[in-house]
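Q: So that we are looking at the same thing, I have put the structure below in structure tokens.
The values are calculated or read from the model by the stated rules, or taken from the named source; none is laboratory data. These figures come from a predicted structure and were not determined experimentally. When we count neighbours, we look across all protein chains shown, and the Cβ atoms used for this are built from the backbone with ideal geometry, even at glycine. Areas reflect the complete protein model, heavy atoms only, side chains present, ligands, DNA and RNA absent. Shrake-Rupley method; radii C 1.70, N 1.55, O 1.52, S 1.80 Å.
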Amino acid sequence: MSIQSNLNTIRESLPEHVTLVAVSKTKPVSDLMQAYEAGQRIFGENKIQEMTDKWEQMPKDIQWHMIGHVQSNKVKFMAPFVSLIHGVDSLKLLQEINKQALKNNRIIDCLLQVYIAEEESKFGLDESELKELLTDVAFKELKNIRILGLMGMATFTEDQNQIKKEFTHLKSIFDSIKTNKTSNCQLSTISMGMSGDYQLAIECGSTMVRIGSSIFGGR
Ligand SMILES: *Cc1c(COP(=O)(O)O)cnc(C)c1O
């Protein structure tokens, strides 16, 4: 199957309110260009260096999403162009993003990553940490970031009930905070679902899916 036909099949299966992030990590620019030529404009990468290299080489109407874990000292490299940072998991990181956004005279959109899986290795805030962050006075002062919603990753398992439970949990956390409106926080997005579980994620309320291998093939 070609990248173009994979992309078309997935697009046809997505409801209109769900945004597709084409996860292109480890794939060459030539593969991304095939998706671009098929109309895809949102790409997700998990390494800042790789995303920056691709940004330099590719058309400038692409929206680049950082979906990986972000180290504070590397924020400056993507601050001029990144369109959405999915994996924000601390106030300290948000402060650094705000600082770099200010230097670039822009507002950077972010999602807060929430820990919903059972695995130890996944990053993210738990529910109480999330609520603490959103009510922190230092958070309210950040004028060059905007929180658009939440991101989560389910446990890597075949157990559909387990995955469903975790996605439903993220949706319920989202619902409990979505009325929290400050000028830098306008919650509309739930980023959950990958190649193996995006249909389930959409059933559970996802509005943004991050799909890699089903478009570009295995890594
Ligand atoms: C790699 C990755 C994806 C895409 O995974 P696939 O299974 O290839 O669709 C989605 N989200 C994150 C955070 C990733 O790192």
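Q: Do you know the relative contact order of the chain, to the nearest whole percent, from alpha carbon pairs under 8 angstrom that are 6+ apart?
A: 20
Q: Rounded to a whole number of µm²/s, how large is the Stokes-Einstein D of segment 115-217 at 20 °C and 1.002 mPa s, given Rh as the Kirkwood radius over C-alpha pairs?
A: 148
Q: Counting only the backbone N, which residues of segment 195-219 are under 16 Å from the spot 7 Å out from the Cα of Ser172 toward its beta-carbon?
A: 204-206
Q: On to the next question. With the radius of gyration and the Kirkwood radius both derived from the Cα set of the chain, what is their ratio Rg to Rh?
A: On the Cα set of the chain, Rg over Rh gives 0.95.
Q: Want the number for Lys103 to Gln57: 0.36 nm per residue separation, take away the alpha-carbon distance, what's left?
A: The span from Lys103 to Gln57 would gain 14.2 nm if fully extended.
Q: If you don't mind, another one. Using the structure shown, select from Lys27/Lys171; Lys99/Lys131; Lys131/Lys164; Lys25/Lys76 the pairs with a Cα to Cα distance greater than 27 angstrom.
A: With Cα atoms farther than 27 Å apart: Lys27/Lys171.
Q: Can you list residues whose amide H is under 5 Å from Thr155's amide H, if they're 5+ apart or on another chain and H is modeled 1.01 Å from N?
A: Glu118
Q: A follow-up question, please. Assuming 0.36 nm per residue, please report the length gained on full extension of the stretch Glu132 to Ser2 beyond their Cα-Cα distance.
A: Separation in residues times 0.36 nm, less the Cα-Cα distance, equals 42.2 nm.
Q: Ignoring ligands, DNA and RNA, what accessible area per residue does the chain give at 1.4 Å, in Å²?
A: Accessible area per residue, the chain: 47 Å².
Q: From the phi of every residue in segment 13-28, what ³J(HN,Hα) in whole Hz does the Karplus formula 6.51 cos²θ - 1.76 cosθ + 1.60 yield, where θ is phi - 60° and glycine or proline is x?
A: 8, 8, x, 4, 7, 9, 8, 9, 9, 7, 7, 10, 3, 6, 8, x
Q: Then there is this: Over segment 114-161, what is the mean sequence separation of C-alpha contacts under 8 Å (at least six apart), divided by residue count, expressed as relative contact order in percent?
A: Relative contact order of segment 114-161: 50 percent.
Q: Can you list the residues, at least 5 places off or on another chain, whose amide H is less than 5 Å from the amide H of Lys25, using H built in the peptide plane?
A: Hits under the 5 Å cutoff: Asn46.
Q: For segment 39-51, take each phi angle, set θ = phi - 60°, evaluate the Karplus expression 6.51 cos²θ - 1.76 cosθ + 1.60, and give the result in whole Hz per residue in order, putting x for glycine and proline.
A: In residue order, the calculated couplings are x, 6, 10, 10, 10, x, 10, 10, 10, 5, 4, 5, 5 Hz.
Q: Something else: If amide hydrogens are placed 1.01 Å from N in the peptide plane, which non-local residues have theirs closer than 5 Å to the one on Gly149?
A: So Gly149 has HN proximity to Leu112, Ser188, Thr189.
Q: Let me ask something additional. For Phe123 and Gln199 in the same chain, what is the full-extension length gain: residue separation times 0.36 nm, less their Cα-Cα distance, in nm?
A: 25.1 nm
Q: At 222 nm, what helix-only mean residue ellipticity would the chain give, in deg cm²/dmol to the nearest 500, using -39500 (n - 2.57) for each DSSP H run of four or more?
A: Taking each H run of at least 4 residues, the total per residue is -11000 deg cm²/dmol.
Q: In sequence order, what are the phi-derived ³J(HN,Hα) couplings for segment 192-202 according to the Karplus relation 6.51 cos²θ - 1.76 cosθ + 1.60 with θ = phi - 60°, rounded to whole Hz, with x for glycine and proline?
A: 8, x, 10, 3, x, 9, 5, 5, 4, 4, 5
Q: Calculate what fraction, in whole %, of the accessible area of the chain sits on carbon and sulfur atoms when a 1.4 Å probe is rolled over the protein chains.
A: It is 50 percent, rounded to a whole number.
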